[in-house]
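Here, each number is a calculation from the coordinates, and none is a lab measurement. Nothing here was measured: the structure is a model prediction, and the numbers come from that model.
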Amino acid sequence: MEFPDLGKHCAEETCKQLDFLPLKCDVCEQDFCKDHFTYAAHKCPFAYKKDVQVPVCPLCNRPIPVKKGEIPDVVVGEHMDRDCRCRPGKKEKVRTGSLSAL
């Protein structure tokens, strides 16, 4: 006896395996087998909505906040040019002046 309505076929074009316990992508809402349910495995076009990563400055190792719509490389570059404590060529302010004798 067959159960034609049981399970779902994997939405990955190269797979289409019938899976009795399919996993639904929480972003694109398609059904996938265990091998293709991760964003990377099925090349989810909407993964950027959930897969949020915070870039880290390569010089000072601080996380750099990036607002929606900004390009992370540009924001990190601006941080390195302006705010980074470890940027090359940054000169420390040296106080000069006379100390009053006591």
Quick one: which of LYS8/LYS34; LYS16/LYS49; LYS16/LYS43 span more than 19 angstrom between C-alpha atoms?
LYS16/LYS49
The set of residues whose placed amide H lies less than 5 Å from the amide H of HIS9, leaving out same-chain residues fewer than 5 positions away, is ASP19
Pulled fully out, how much extra length does the chain show between ALA40 and VAL75, if you take 0.36 nm times their separation in residues and subtract their Cα-Cα distance?
10.1 nm
